[in-house]
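Below is one structure, written out as structure tokens, with a few remarks after it.
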Amino acid sequence: MQRYFIQPEGFSADHVTITGDDAHHLIRVMRAKAGDRAIVSDGCGREAVVVVRSLEGGEVTADVEAWLPPDREPGVDVWIAQSLPKGDKMELVIQKGTEIGAARFIPFSSARTVVQWDAKKEGKRLERWQKIAKEAAEQAHRNRIPSVDSVQSWKQLLKLAAEADAAWFCYEKQDAQELRSLIRSALGKTGRADRPSGEAGSSRDRERLQLLIIVGPEGGFSEREAEEAEQAGCRPVSLGKRILRTETAAMVGLTCILYEAGEMGGEE
């Protein structure tokens, strides 16, 4: 069944109202008619199978047939801080990272970032990134849409890192530690996230383990940035002996974390 995220106010006790692009997709693309079914989520823990009742005035009204458990989110929140890559690679990071299970994306600019960020176009670019995250979350049947932050400076990112339970930055130097051991240390002796998962967007979310992985630009981090990151409490990590592209490193780091957390058949 097709899945859609709608605003929480679109939900009532027994029916939902679908508007905007989602309603257009149902009406014009899916050619939906009364009696058709879809899955609708508010991204905050409510999710249901609904049956279309009417399609009028560019809106779709549907009755709740069955409530679904919000059980498709990882038990640990992984934030990806990605230095702005060239071309459309940021879109790829957001799309694939959402499919894999990232909870938050933090684009940032660092000393060796090649992309010159245009603040005047930031609104449109951020809107596009958020749309990509929404569509990827729908495709992957997730219960919530990852957040996409506005572009941060290096200093702003290091301040945000203090909000995470553990923060690591990908660094190819010899003193970088193996990511696997740091993940296991952060997850505890069980090798997985034991904190209550809670409902997405609820007050219990802070009980979830929040892990940040920082990926540098094509040219990597400068030595000064590495020192500043460590001073801010971030640990340098290695993703192996091979040199990865910046967009590849983000996906590898995310997958390693979720595997060790038991979200992909990893350690129990």
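The values are calculated or read from the model by the stated rules, or taken from the named source; none is laboratory data. Just so we're clear, the structure is a prediction, and the values are computed from it rather than from any experiment. Don't worry about glycine lacking a Cβ; one is built from the backbone with ideal geometry, like all the others, and counts go over all protein chains shown.
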Pair list, Cβ under 7 Å, 6 or more apart: the stretch 237-261 residue closer than 15 Å to LEU187 by Cβ, other residue of a type in the set (D, E, K, R) and not in a helix (DSSP H, G or I): GLU260/GLU267; ALA261/ARG192
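Identify, from the list VAL78, VAL51, the residue that is surrounded by fewer than 18 Cβ atoms within 10 Å (Cβ to Cβ) and either at negative phi or out of contact with any strand residue (DSSP E or B) (no Cβ under 6 Å at 6 or more places or on another chain) (or both).
Result of the check over VAL78, VAL51: VAL51.
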Residue tally, condition touching a strand residue (DSSP E or B) at 6+ places or on another chain (Cβ under 6 Å) and surrounded by 12 or more Cβ atoms within 10 Å (Cβ to Cβ), over the stretch 6-33: 12
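Does ALA119 meet the test of being of a type in the set (A, V, I, L, M) and without any contact (Cβ under 8 Å) to a residue 40 or more places away in the chain?
It is true that ALA119 is of a type in the set (A, V, I, L, M) and without any contact (Cβ under 8 Å) to a residue 40 or more places away in the chain.
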Hits in the stretch 81-102 - residues which are touching a residue at least 40 places away in the same chain (Cβ under 8 Å) and surrounded by fewer than 22 Cβ atoms within 10 Å (Cβ to Cβ): LEU84, LYS86, LYS89, GLU91, LEU92, GLN95, LYS96, GLU99, ILE100
Test result for ILE106, outside any strand (DSSP E or B) and among the aliphatic types (A, V, I, L, M): no
Candidate set: the stretch 220-236, residues that are surrounded by fewer than 15 Cβ atoms within 10 Å (Cβ to Cβ) and in contact (Cβ under 8 Å) with a residue 12 or more places away in the chain; chosen: the one nearest to LEU209 (Cα to Cα): GLY233
Boolean, GLU47 is over 29 Å from VAL252 (Cβ atoms) and among the acidic types (Asp, Glu): yes
Strands (runs of 3 or more DSSP E) fully within the stretch 29-89 counting 3 or more residues that are under 27 Å from the mean Cα position of the chain (by Cα): 37-41, 47-56, 76-83
Qualifying residue in the stretch 119-140 (condition: of a type in the set (Asp, Glu), surrounded by fewer than 15 Cβ atoms within 10 Å (Cβ to Cβ), touching a Lys or Arg at 6+ places or on another chain (Cβ under 9 Å) and in the same structural domain as GLU247 (by TED's automatic domain parsing)): no
Output for the stretch 132-152, where each listed residue is under 21 Å from LEU212 (Cα atoms) and either in a loop (DSSP other than H, G, I, E, B) or over 12 Å from the mean Cα position of the chain (by Cα) (or both): ARG142, ASN143, ARG144, ILE145, PRO146, ASP149, SER150, VAL151, GLN152
The stretch 81-122, residues that are in contact with a strand residue (DSSP E or B) (Cβ under 9 Å, 6 or more places away or on another chain) and of a type in the set (Gly, Ala, Ser): ALA81, SER83, GLY97, GLY101, ALA102, ALA103, SER109, SER110
Top-ranked residue in the stretch 1-28 [being among the hydrophobic types (A, V, I, L, M, F, W, C) and modelled with pLDDT of 90 or more; ranked as nearest to the chain's Cα centre (by Cα)]: PHE5
